[in-house]
Every structure is written in structure tokens, then in C-alpha cells.
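First the structure, in the form of C-alpha cells, and then the observations on it.
All of the numbers you see were taken from the coordinates with simple rules; none came from a lab. A quick note: this is a predicted structure, and the numbers were derived from the prediction, not measured. Here the Cβ positions follow ideal geometry from the backbone for every residue, glycine too, while neighbour counts run over all protein chains shown.
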Amino acid sequence: MKNALIDKQVNYLERDEFQDLFKEYDEKFVVGKDMKQTSFDENCANICIERNCDFITADKEAYHHFFKIKQVKSVEIFQFMKREPKIDRPVYCMRIKMEHAKTKTITKEQMKALQEKTRGNVDRLLEFLYQIIGYPEDKKYVLTKVHVYECYAVFTHAVEEYGKLLYLKTLEPDEEENYTIEYSKKFANHKTKFELALGKLPKSIKVVYEGDFSSDYGSSNMDSDIEATWENRLNVLNTDIDNDGNPTNISFNVDIDSLRQSVFDFRNFLD
């Protein structure tokens with residue numbers, strides 16, 4: 001959801017005749033109507049943060065005051081209207097980018113709950129895959145190529161969550177029994193979590209396609225081992241544009257029998 005906060009000097013923009021300009025927004029708020037007319041720019045910024053708003057204003061200097069809020073990392077500014085109807089000046093859209101916390105401190109009880117929740121996520125994802133593709137001996141489960149890729153994407157998420165769990169287990173409490181989590185660098189970092197997981201898991205779990213294996217479930221110019229990686233998950237779940245301007249296609253191998261074995265071994269590995 002994205003909303004808009006309209007500054008006082010351009011409050012005419014809330015009128016029906018300008019609705020096309022706001023078709024990408026879910027809701028509009030107006031300074032002087034939905035908040036005090038005398039509000040300083042930093043107060044407008046707080047409203048934007050609280051209500052997930054872009055700030056629509058003719059004051060091109062308004063963003064200076066936004067940085068009085070410590071968590072504001074940057075402000076993206078682009079032209080909302082080239083010229084106002086009655087005044088020869090542009091109207092700007094200001095979008096606030098927040099600084100994510102670099103570290104987070106949690107209690108011993110919160111750490112226990114966090115580890116249990118993370119481990120539970122891994123178990124649920126693997127149980128879901130088992131229900132979809134079955135045990136290694138279940139050759140009767142036949143999936144189309146696209147569904148194999150989707151199951152692979154779910155599997156990579158289980159691997160990443162396991163990497164998160166491994167990171168949490170490396171942390172030691174301080175004198176007050178609190179834990180400090182490196183949030184951006186490790187807890188929320190895809191590369192870090194995959195490296196931890198792939199460094200711990202045996203080959204039978206992390207390899208979902210073995211090189212030189214004949215498979216009908218994918219094609220690639222390179223016939224090498226395929227592991228559960230963040231990049232390949234993006235390849236499955238997200239479209240991109242190649243250098244020729246065409247939408248990208250999935251370009252790596254996944255073998256359904258290897259994936260079944262990986263899920264089966266992963267579940268046993270965790271027990």
C-alpha cells in the first residue's frame with residue numbers, strides 16, 4: 001500500500017479533476033485537513049513515515065527538514081506535475097527512504113522464541129514440499145517443469161531460513177542475558193545466510209541437480225551441479241530484462257528426483 005500526503009499550498013490536488021494523478025495511490029491525506037495546517041516539514045515527514053505516504057509539495061526545499069528525523073536515510077525527489085494550473089512552478093513528489101536498524105538487541109526469551117519460529121519455518125516448508133513431491137521412491141509424482149522450479153524456490157527458502165537459524169545459534173548473551181543481532185549485515189542478508197547453510201549441509205541436500213545427469217526438467221549450456229542459491233530463487237520468482245530487452249527465462253537445471261532426495265535428507269538431517 002502506498003498513500004499520498006498533499007501539502008497545504010497544493011491542496012487543490014485533492015479535487016476530483018486531479019484524480020488521475022493519484023491513481024497509483026490507495027489513499028490521500030491533506031495538510032490542514034488530516035493534520036495541523038501549521039505543521040512543520042519534519043512533522044509532515046513523520047506522517048509520511050507512519051502512513052506510508054509520498055509527500056506532494058511545491059516547496060522544493062521541504063526535504064531539508066526531513067533529515068531532522070534520525071532514521072531518514074535519503075529522500076527521492078521527482079517531478080509530480082510539470083506546471084501548476086495557475087502558477088508557473090512544478091509540483092514535486094518526495095519519497096522518504098528509511099535507514100534500517102544495523103543491530104537489534106533482544107532478550108533471552110525473545111531469542112528462544114525467534115529460534116523456535118525460525119526452525120518451525122524450515123520444518124513447515126519441508127513438510128509442504130513432502131506433501132507436493134513425496135519421498136524419493138515416489139516416482140508416481142509427476143510435475144511439469146514450471147512446478148519443479150517453484151518447488152525448488154520453496155526449498156531454497158528453507159535452506160536460507162536454516163542459515164538464519166545457524167547464525168542465531170552462534171550468538172552469545174551479554175552480562176544482562178541480552179543478545180545483539182547484526183540485523184542488516186547478517187540476519188537479513190541473503191548471501192550470509194546461504195553461505196552458512198551451504199557450508200553446513202551435506203552435498204545430498206544442497207545439490208538439486210548433478211552435472212552430466214540426463215533430465216527433462218531444465219536446460220542449460222553448462223552441465224554442472226546446481227545448489228540451492230538466492231540467485232536461482234530470484235530467477236524462478238522474478239522476471240528480469242536481458243541485454244536485448246527481452247524478458248528473461250529460467251536457465252538452470254533442476255532434477256525432480258534429486259529435489260525429492262534433498263527434501264528427504266534435509267528433514268532427517270534436522271531430526
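Things to note:
- Pairs of alpha carbons in segment 3-111 whose separation is greater than 25 Å (percent): 25 percent
- Simple rule: put +1 on each Lys or Arg Cβ and -1 on each Asp or Glu Cβ in the chain, find the dipole, and look at THR57, LEU234, ILE256; the Cα lying farthest toward the positive end is THR57.
- Reachable aspartates and glutamates from LYS203, criterion Cα separation under 14 angstrom, eight or more residues apart if same chain: GLU195, ASP225, GLU227, ASP265
- Measuring against 31 Å, Cα to Cα, the residue pairs LYS97/LYS193; LYS68/LYS117; LYS60/LYS191; LYS28/LYS193 contain LYS68/LYS117; LYS60/LYS191; LYS28/LYS193 as the ones spanning a longer distance.
- Degrees, to the nearest 10: 256-270 long Cα axis against longest axis of the chain: 90 degrees
- Each DSSP beta bridge with both residues in the chain is either parallel or antiparallel, and the antiparallel ones are about 70%.
- Phi-based couplings in Hz for segment 176-184 (Karplus 6.51, -1.76, 1.60; Gly and Pro marked x): 9, 6, 9, 10, 9, 9, 6, 5, 6
- Given R0 = 22 Å, the distance between the Cβ atoms of SER251 and GLU150 translates into a calculated FRET efficiency of 0.90.
- Simple label model, 7 Å out from Cα along Cβ direction - PHE78 to LYS191, nm: 2.7 nm
- Leading residue at positive end of dipole, segment 3-98 (Cβ point charges), from ASN46, ALA4, GLY32: ASN46
- Checking the Cα-Cα distances for LYS112/LYS164; LYS2/LYS164; LYS169/LYS200 against a 25 Å cut-off, the pairs over it are LYS2/LYS164.
- According to the Cα-based calculation, Rg over Rh for the chain is 1.11, with Rh computed by the Kirkwood formula.
- Separation of alpha-carbon centers, segment 153-177 and segment 1-21, rounded to whole Å: 44 Å
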